[in-house]
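Notes to accompany the following structure.
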Amino acid sequence: MKINYTFLFSIPLVLILLMDHLFIELLSPNNEDRQGMILSMMIKGMAALSLGYGVLFFKRMSKHMKLAFGLLVVYIAALVFESKYVYGTFMVYPHVFMKVFIFTYAYFVYTYYKGNYHIQMKHVSWFILGGFLLNVLLVNSHTLSISSFTNHERGVYSNSVYMLTVPFLYFLSNYFYHSKFKDLFMAFFVLFLIFFFQHRTVWITTAFVLAVYYLLIRFKTDKPINFVAKLLPIGTVVGVLALFASGFILSIHPEIVDKIQESFSDIENYDKQGTGGWRYQQIMSYVPFIQDNFMLGMRFEGFELPIQFYRDDLNAPVFEDGNGHHFHSFYVEVLFYTGLVGFILFLLFYLYPIVMTFRRRVLTINQIILVAFISSGFVFGISYVLPVFFYGVVGWAIAAMEEERVTYKTRIQESGMRMRARRESLQKTLHSV
């Protein structure tokens, strides 16, 4: 039996994925202190590895990525110098340094796959889905009930549910291009998981991903899809079955309807109710400090700044002082700590694959999935800090945009060669007859 070892090339990206709470909880269930310790060690270790790997294999990078990485290294060096000059130590507040060290994860994944581009989407998708199911079944099994849904006991973090959009797009693409019903079933199953765990930001993000995915399939591929023909027959059957099933369930648990209506009401009134109102208040608490330090951010002074976000009912800070500020918006975090300069350092690598998308006439399906996913960072980052794994996927997307152009042409050539071989074989058969 021949074993396909290409799954081993997923390991560098998997190292980034493992830092999500989804997998940290599996490593140490029901022990939050140990989970925090493991996560802290992994984040710092990967930051050192990522920076060192980028420097060591700097020559692998394209010109744009060399410039972007060089500027990031200069900025980190400037932070080290400031820390030493002002505080007498090279890294006074690691919390602040990690706001830019996390960018190096993208460069690590990108640089590795520039030299070893053998990663496959199916391995990554199944790893994510498998890890999610294990977490839900072994650690958060209490969330798998109607009462948990109606009481908003989500159990699983929003970042982890957001990660599911990668396997969702993978299975959906498999169905569109290979017409296998099991892939459509898996796509619907993953979509159901995204809905069931009730992170409203992830709902909106998934809708955005689908919109981008549709546009890229429509305009950036030579393999057009008749979405109506593909989805209407199966969608009708699934819709009818879902209607009957939901009617039965809702007749027993009518409170589900109220819960869904409440969730959509929170989305519509984001600044007044639900967690959206909470985030809005936090943002407004820090806007004056962002405005006063817009170019360079507050950096170490930001860490020392007392918590500005207060609970109205207790007139007390929401978080404890001395541990940094924990924002629920990527934009607020990066502008508060590093200002416009730090945000530009992020955009230099984040926008690169998206800009390349507009320059290409044709994209591979793998590139479409990756670009559709990373483009959702614009939306997800409004309500949450971008998760660690996001930077790994961005690095993969950049490598895919630079490497898969050759692979795509090769596949076209190979397809033509197979067609010619078949014609020659057919001609020989007819000649012998």
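The values are calculated or read from the model by the stated rules, or taken from the named source; none is laboratory data. If you're wondering where the values come from, they're calculated on a predicted model, not measured in any experiment. Note that each Cβ is placed from the backbone with ideal geometry, even for glycine, and that neighbours are counted across all protein chains shown. Areas reflect the complete protein model, heavy atoms only, side chains present, ligands, DNA and RNA absent. Shrake-Rupley method; radii C 1.70, N 1.55, O 1.52, S 1.80 Å.
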* Structure fact -> Just one listed residue, out of Tyr113, Tyr107, Tyr53, Tyr85, is open to solvent by 20 Å² or more (accessible area, probe 1.4 Å), touching a residue at least 40 places away in the same chain (Cβ under 8 Å) and of a type in the set (Phe, Trp, Tyr), and it is Tyr53
* To do: Working only within region 27-50, note down all residues that are surrounded by fewer than 18 Cβ atoms within 10 Å (Cβ to Cβ), touching a residue at least 60 places away in the same chain (Cβ under 8 Å) and in a helix (DSSP H, G or I).
  => Ile43
* How many of the residues in region 323-333 are in contact (Cβ under 8 Å) with a residue 60 or more places away in the chain and open to solvent by less than 10 Å² (accessible area, probe 1.4 Å)? -> 1
* Structure fact -> Counted residues in region 283-298 being more than 19 Å from His328 (Cβ to Cβ) and open to solvent by less than 50 Å² (accessible area, probe 1.4 Å) come to 1
* Asked: Can you name the number of the only condition in (1) without any contact (Cβ under 8 Å) to a residue 40 or more places away in the chain; (2) under 20 Å from Phe390 (Cα atoms); (3) open to solvent by 30 Å² or more (accessible area, probe 1.4 Å) that Ile24 fails?
  -> (3)
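Per-residue answers, yes or no, for (1) open to solvent by less than 60 Å² (accessible area, probe 1.4 Å); (2) over 25 Å from Ser141 (Cα atoms); (3) at pLDDT below 80:
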position	(1), (2), (3)
Tyr175	yes, yes, no
Phe181	no, yes, no
Phe185	no, no, no
Trp203	yes, no, no
Leu216	yes, yes, no
Lys223	no, yes, yes
Leu232	no, yes, yes
Ala245	yes, no, yes
* Structure fact -> Met19 passes all but one of the listed conditions (1) surrounded by 15 or more Cβ atoms within 10 Å (Cβ to Cβ); (2) in a helix (DSSP H, G or I); (3) not polar (S, T, N, Q); the exception is number (2)
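A quick yes/no check of all residues on (1) aromatic (Phe, Trp, Tyr); (2) surrounded by fewer than 14 Cβ atoms within 10 Å (Cβ to Cβ); (3) at pLDDT 95 or above:
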site: Phe300; (1), (2), (3): yes, no, no
site: Ile307; (1), (2), (3): no, no, no
site: Val318; (1), (2), (3): no, no, no
site: Asp321; (1), (2), (3): no, yes, no
site: Val371; (1), (2), (3): no, no, yes
* Asked: aromatic (Phe, Trp, Tyr), in a helix (DSSP H, G or I) and more than 13 Å from Tyr110 (Cα to Cα), is that true of Tyr75?
  -> yes
